[in-house]
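The block underneath contains the structure these notes are about, expressed in structure tokens.
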Amino acid sequence: MDDIKYGEILMPGDEETQKEQEKSVRRKFWPTLRKAARHIPFSRDVVAAFYCALDPQTPTRVRGILLGALGYFVMPVDIIPDFFAVIGYSDDVAVLTLAFSMIRGHIRQEHYDAADRALQNEPEAMKTA
């Protein structure tokens, strides 16, 4: 796991890269979260990060970092395959944790409120995301 280049994963990228990453995250986020929720102890934070990344008021650099981390989370090909139960999500958790530490303070209460609503009513959240 030492070979993982977290800095490369979390690079904000240019506007076109961010748009492509956002499309991928929007399409794959909820199905991936549904599979991973019991293995990731901070699912609420991940959903709040999703809403923060989609918020046009979020600074471009922060959006890029979050989209990079969420993009890694939803990637079907992984450094440690996610089908290995708990250990399979350890690289995803590491990337997300690093991203959260880099953008601390940008995930606002309104993002957490949206996450709480989405987690209570996931099928509806999937339609609006």
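Cβ-Cβ distance of R117 and K35, R₀ of 22 Å, FRET efficiency by 1/(1 + (r/R0)^6): the value works out to about 0.55.
Can you pull the Rg over Rh of region 20-74, Cα-only, Kirkwood? We get a ratio of 0.95 for region 20-74. Legend: residues S24, S101, sorted from most to least accessible area (1.4 Å probe; ligands, DNA and RNA excluded), read S101, S24.
The values are calculated or read from the model by the stated rules, or taken from the named source; none is laboratory data. Everything quoted here is computed from the prediction, not taken from an experiment. Every residue, glycine as well, gets a Cβ built from its backbone with ideal geometry; the counts of neighbours run over all protein chains shown. Side chains included, ligands, DNA and RNA excluded: accessible areas come from the protein's heavy atoms. Shrake-Rupley method; radii C 1.70, N 1.55, O 1.52, S 1.80 Å.
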